[in-house]
Amino acid sequence: MNSLVFIKGVIVPTTKPELDDQGQLTAETSGAILNPADKNAIEAALQLADGQNGTVTVASYGSADATEKALRAALALGATRAVTVNSDLLKAGADNNSAVGVVLAEAAKKLGDFDVIFTGDQALDTPQGYVSASIANSLGLPYFDDVNALNVDGDQLSYVTLWEKGELTGKVQTPAVISVTEDINKPRLPSFKTKMVAKRAELETVTIDSITVIDQDAWNQLSSEAPTSRLAFIPEQKKQAVIYKLADDDQSVSKLVNQLQTQGIL
Amino acid sequence: MALLYTDEQKDFLKMVKEFADETLTPEVVKECDEKGECPEELFKPAFDMGLHMLEIPEKFGGAGLSYATTAMIFEKLASYDPGYAITLVSTFVALRSVMIAGTDEQVQHFADIIAPGKFAAFALSESNAGTDAGSVQATATREGDDYILNGDKTFITNGSLADVFVGIFRTSDDGNKGLSAFIVEKSRGGIAAGKHEDKMGLRLSNTTDVTFDHVKVPAANRIGDEGHGLKVALNSLNLSRAFVATLAVGIMQRALDESVKYAKLRKQFNRPIIKFEAVQEMLADMATQTEASRLMVNNTMKMMDEGSLVRKEGAMTKTFVTDAVQKATSDAVQIFGGYGVSKDYPVEKLMRDCKVFQIFEGTNQIQRVTIANELNREYSD
Ligand SMILES: Cc1cc2nc3c(=O)[nH]c(=O)nc-3n(C[C@H](O)[C@H](O)[C@H](O)COP(=O)(O)OP(=O)(O)OC[C@H]3O[C@@H](n4cnc5c(N)ncnc54)[C@H](O)[C@@H]3O)c2cc1C
């Protein structure tokens with residue numbers, strides 16, 4: 001099987017984010033790393049290719065440094081071809097995931113025929129997770145989200161996806177777009193040799209300067225939308241410690257039980 | 001740590017840590033140590049990562065890393081289990097010895113055998129030829145275009161695992177000049193390994209006798225000229241000495257890590273024992289010796305990267321580091337007190353594992369002879 005995996009280099013905080021005196025969230029960050037779920041997507045693609053002369057193309061859109069880091073990390077894992085996606089169409093809304101998805105769909109079309117287009121279920125830095133749905137929608141392909149098990153049977157893929165109420169299983173004929181969770185597999189470690197080769201490997205470039213996969217009006221509207229963003233606040237946990245010491249107070253056990261009952265724990 | 005690592009080296013060290021955390025868990029290491037076994041399947045992930053061919057040039061299927069970088073990676077691996085590390089080191093050192101004196105075809109042939117994930121071994125020692133390597137008695141007799149190999153080798157690392165050997169055999173009675181080196185594939189038939197040596201330490205590493213019984217190899221398998229076998233062996237040992245030393249640095253670093261952690265936790269007289277000067281002295285010496293050893297290995301590796309034979313430096317590094325590790329591991333046990341001798345704690349194994357490092361690859365006594373001979377030569381005019 002031949003797969004295309006869209007991957008992203010993400011910058012992750014290495015310290016706990018804190019508010020500075022300007023009211024801005026700041027944290028020390030790593031250099032760009034390959035988005036964790038994308039490693040699972042690459043592994044899923046490698047497993048479909050292993051022993052079958054299959055290929056794994058990886059492609060990435062983003063800042064030059066992040067893209068290169070992600071692509072070289074993917075080559076080190078065993079990807080066969082790596083492509084940088086360039087486009088000026090997205091300047092205003094680079095964080096608009098639906099628009100990014102359309103550009104990636106356009107890139108997929110240019111890059112050839114693939115049995116499966118993989119993505120990770122979400123990027124750590126823009127966790128809305130719309131990109132893969134937008135790719136599938138633009139290419140008119142079936143789409144399965146949050147897949148956590150995948151098997152091939154001829155040109156059929158059987159999958160298990162996760163949703164709130166449990167697991168959903170089914171079969172789909174390729175080509176299809178699949179986003180995977182970090183539970184789908186355990187990504188392999190790169191070999192030292194492929195890592196060295198990946199360091200010097202040529203990266204291809206594909207430039208997207210017009211959109212053909214969806215109609216122009218739809219594109220104009222989509223690309224002018226403000227980026228959708230979601231802020232997640234972590235509620236402050238109120239903590240209170242009460243210590244009942246048996247040595248100080250022979251009522252302490254019943255006081256403790258009382259307290260636990262009031263809080264509904266017992 | 002005193003070495004300045006490049007970003008790439010840091011990345012490699014992270015990779016090997018991730019690998020070893022998963023593959024060489026304390027439970028796995030303990031079980032192999034207790035049973036004295038070397039389960040082949042434990043090496044599958046190492047082969048997949050190419051850990052057995054790190055410093056082999058890419059054109060022969062290796063990763064093409066420098067000796068210096070390879071040594072850093074193996075130091076880390078040895079801190080988990082030096083027996084595991086030496087199994088891989090012995091494999092690439094055997095290939096290296098073909099590279100030193102063999103043709104490109106021979107190297108490629110040997111590399112093609114081990115690249116997919118096979119072990120190799122270096123068979124020099126015999127029951128009566130240890131330090132005196134020139135007294136090898138196993139024979140290679142020329143028959144037309146072939147040689148027939150006969151004889152017993154002792155203490156061979158990877159003896160029962162190897163698919164291919166580099167063996168030193170006698171081709172004439174001319175003493176040291178009567179030895180020749182051969183590539184011997186297991187598939188030739190007539191090769192049998194004895195039982196796994198029941199050793200005090202390094203118990204995961206497979207050590208066996210190997211018997212060669214009328215093993216027929218083509219003359220094309222001879223490495224270098226007839227009569228040059230001892231030179232092939234000694235040049236290969238020059239290189240491997242610094243690798244043995246890097247493994248010992250790994251053991252020392254482990255001893256230090258365990259000792260400091262324990263000394264901060266263990267309280268006597270209401271104070272952590274790290275507050276006591278006598279304990280501090282042991283820790284400080286251990287840390288200093290570890291740093292010095294690591295630097296010495298690094299420098300020798302860099303010289304090897306520049307093409308030096310490191311005859312003197314390899315011997316000095318091996319001797320200094322493998323002597324230092326004895327005291328470091330013994331002090332680690334001392335710092336753990338009674339718990340130190342218990343097999344439920346990690347340091348007694350370090351003490352057992354490190355002893356053999358003073359013995360193999362040339363004993364530390366004979367290394368000192370080599371160092372003195374080199375000095376004598378250097379100061380000869
Ligand atoms: C775990 C293990 C793995 C090994 N792996 C391999 C392997 O893969 N391949 C291989 O070929 N061999 C291997 N060996 C063999 C190893 O190289 C020899 O054990 C070593 O060279 C010492 O030889 P010996 O044991 O015969 O000791 P001996 O040579 O008998 O030495 C006994 C003592 O005498 C001292 N001595 C001897 N001669 C002199 C001298 N001239 N001056 C001063 N002191 C001297 C020695 O230093 C030592 O203290 C291995 C050994 C062990 C224990």
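Taking a straight line from the alpha carbon of residue A:245, these lysines sit under 19 Å away, with near neighbours fewer than eight places off in the same chain left out: A:255. Restriction of the chymotrypsin sites (Phe, Trp or Tyr not before Pro) in region B:249-291 to DSSP coil positions whose beta-carbon has at most 11 other beta-carbons within 10 angstrom yields B:269. Quick one: grab the alpha carbon gyration tensor of region B:235-378, order the square roots of its eigenvalues as a ≥ b ≥ c, and give me rounded if a/c is under 1.5, else prolate or oblate depending on whether a/b is larger than b/c. Since a/c reaches 1.5 and a/b is larger than b/c, the shape of region B:235-378 is classed as prolate.
If you put +1 on each Lys and Arg Cβ and -1 on each Asp and Glu Cβ, how big is the dipole of region B:120-230 around its Cα centre, in Debye rounded to 20?
The dipole of region B:120-230 has a size of about 280 debye.
Pairs from the table (B:59/B:231; A:16/B:349; A:16/B:343) lying more than 32 angstrom apart at Cα are A:16/B:349; A:16/B:343. In loop segments of region B:343-373 as defined by DSSP, the trypsin sites (Lys or Arg not before Pro) with at most 11 further C-beta atoms inside 10 Å of their C-beta are B:343. In chain B, helical runs assigned H by DSSP with n ≥ 4 each contribute -39500 (n - 2.57); averaged across all residues and rounded to the nearest 500, the mean residue ellipticity at 222 nm is -17000 deg cm²/dmol.
Pairs of Cα atoms nearer than 8 Å and 6+ residues apart set the relative contact order; for region B:239-298 it is 40 percent.
The mean count of C-beta atoms from other chains within 10 Å of the C-beta of residues in B:38-51, rounded to a whole number, is 2. In region A:134-190, a dipole from Cβ-located charges (positive for Lys and Arg, negative for Asp and Glu) runs towards its positive end, and of A:136, A:180, A:190 it is A:190 whose Cα lies farthest in that direction. The helix-only estimate of mean residue ellipticity at 222 nm for chain A, built from DSSP H runs of length n ≥ 4 each weighted as -39500 (n - 2.57), is -9500 deg cm²/dmol after division by the residue total. Taking amide H atoms as placed 1.01 Å from N in the peptide plane, the amide H of residue A:147 lies under 5 Å from those of A:179, A:180, A:181, each 5 or more residues away in sequence or on another chain. Normalised by 2.2 N^0.38 Å, where N is the number of residues, the alpha-carbon radius of gyration of chain B equals 1.00. For region B:95-169, rounded, prolate or oblate, judged on the Cα gyration tensor with a ≥ b ≥ c (square roots of eigenvalues), a/c < 1.5 rounded, else prolate if a/b > b/c? Because a/c hits 1.5 or more and a/b fails to exceed b/c, region B:95-169 counts as oblate. Annotation: aspartates and glutamates with alpha-carbon distance below 18 angstrom to residue B:153 (same-chain offsets under eight excluded): B:126, B:132, B:163, B:185, B:197, B:198, B:209, B:213, B:361. Placing unit charges on the Cβ atoms of the charged side chains and taking the dipole of region B:7-118 about its Cα centre, the candidate lying farthest along the positive direction among B:78, B:106, B:23 is B:106.
Please list, by residue number, every one of the GluC sites (Glu not before Pro) in region B:102-158 that is coil in DSSP and has at most 16 other beta-carbon atoms within 10 Å. When the GluC sites (Glu not before Pro) of region B:102-158 are filtered for loop state and at most 16 Cβ neighbours within 10 Å, nothing remains.
The string of couplings for region A:257-266 from the Karplus curve (6.51, -1.76, 1.60, θ = phi - 60°) is 4, 4, 4, 5, 5, 4, 7, x, 7, 9 Hz, one whole number per residue in order, with x for Gly and Pro.
The longest stretch of chain A left intact once loop-based GluC sites (Glu not before Pro) with at most 13 other Cβ atoms within 10 Å are removed from consideration, loops following DSSP, is A:29-163. Taking the Cβ of residue A:163 as the center, what net charge do the other residues with Cβ under 13 Å away carry, scoring Lys and Arg +1 and Asp and Glu -1? Summing Lys/Arg as +1 and Asp/Glu as -1 gives -4. Each Lys and Arg Cβ is given +1 and each Asp and Glu Cβ -1; about its Cα centre, region A:3-224 then shows a dipole of about 820 debye. Taking the Cα atoms of region B:7-118, the ratio Rg/Rh between the radius of gyration and the Kirkwood radius comes to 0.98.
Of the options B:362, B:340, B:276, report the single residue whose Cα projects farthest towards the positive end of the charge dipole of chain B (beta-carbon charges: Lys, Arg +1; Asp, Glu -1). After comparing all options, I get B:276.
Let me know the mean shielding of A:189-202 by other chains, meaning the per-residue number of their Cβ atoms within 10 Å of its Cβ.
Mean partner-chain Cβ count within 10 Å for A:189-202: 5.
With θ taken as phi - 60° and the Karplus curve 6.51 cos²θ - 1.76 cosθ + 1.60 applied, the whole-hertz 3J(HN,Hα) list for region B:303-314 is 5, 5, 4, 7, x, 6, 7, 6, 4, 7, 5, x Hz, x standing for glycine and proline. Computed from backbone phi with θ = phi - 60° and the Karplus coefficients 6.51, -1.76 and 1.60, the 3J(HN,Hα) list for region B:189-198 is x, x, 10, 10, 9, x, 6, 4, 4, 8 Hz; x is used for glycine and proline.
For the protein assembly as shown, the square roots a ≥ b ≥ c of the C-alpha gyration tensor eigenvalues yield an a/c of 1.5 or more together with a/b not exceeding b/c, which makes the shape oblate.
Which entries in the list A:39/A:199; B:186/B:355; B:186/B:216; B:10/B:302; A:199/B:44 go over 22 Å, if you measure between the two C-alpha atoms of each?
B:186/B:355; A:199/B:44
Throughout, read-outs are computed from the coordinates displayed, never taken from laboratory work. Quantities reported herein were computed from a predicted structural model and do not represent experimental measurements. Neighbour counts run over all protein chains shown; Cβ positions are idealised from the backbone, glycine included.
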